[in-house]
1. Using every Cα-Cα pair within the chain, state what percent have a distance larger than 23 Å.
2. Under a 5 Å amide H to amide H cut-off, with H placed in plane at 1.01 Å, what residues pair with VAL76 once short-range neighbours are removed?
3. Name the most mobile residue of ALA37, ALA26, ALA15, meaning the one with the largest mean-square fluctuation, in a Gaussian network model of the chain with Cα contacts below 10 Å.
4. Using a Förster distance of 30 Å, how high is the FRET efficiency between LEU31 and VAL10, based on the Cβ-Cβ distance and rounded to 0.05?
5. Sequence neighbours fewer than 8 away in the same chain don't count; with that in mind, list the lysines whose C-alpha is under 17 Å from LYS56.
6. Any idea which of LEU14, LEU59, PHE25 is furthest toward the positive side of the dipole for the chain, if Lys and Arg beta-carbons carry +1 and Asp and Glu beta-carbons -1?
7. Calculated FRET efficiency, LEU58 and LYS85, Cβ-Cβ r, R0 30 Å, to nearest 0.05?
8. Report, in debye and to the nearest 20, how large the dipole of the range 31-89 comes out about its Cα centre when Lys and Arg carry +1 and Asp and Glu carry -1 on their Cβ.
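Each reported figure results from applying straightforward, stated rules to the coordinates on display, with no laboratory input. Everything quoted here is computed from the prediction, not taken from an experiment. Note: ideal-geometry Cβ built from the backbone for every residue, glycine included; neighbour counts use all protein chains shown.
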Amino acid sequence: MAKKVNRAKVLLVLAVMAAVFLPSFAKYYELHDKKNALEARIDFLKKENKRLTEEKKLLETNISYIEKKARENLGVVRKGEIVLKDTGR
């Protein structure tokens with residue numbers, strides 16, 4: 001009978017400990033995952049910022065790059081050029 005009481009006490013203590021600590025562990029892992037996601041986002045944004053800074057420098061200093069971008073994005077053509085459009089067929 002004493003073994004049953006001791007076993008019940010141990011199970012009760014384990015259940016109380018689980019009830020107390022499991023939510024904390026779940027919150028820890030949730031925050032850990034969120035931290036990792038935010039660090040990945042920061043890394044991406046740092047790379048994007050570097051790329052944009054380099055592009056800004058090119059747009060401020062390199063006339064050939066400016067012309068290339070104007071042709072690609074705005075459809076700019078030189079006087080006398082003929083534009084051929086791909087119809088996708």
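1. The calculated P(r) of the chain puts 66 percent of pairs beyond 23 Å.
2. When sequence neighbours closer than 5 places are left aside, the close amide H contacts are ARG71.
3. For the chain, modelled as a Gaussian network with Cα springs under 10 Å, the answer is ALA15.
4. 0.45
5. LYS46, LYS47, LYS68, LYS69
6. Positive-most Cα among the choices belongs to LEU14.
7. Efficiency computed from Cβ-Cβ geometry: 0.65.
8. I would put it at about 60 debye.
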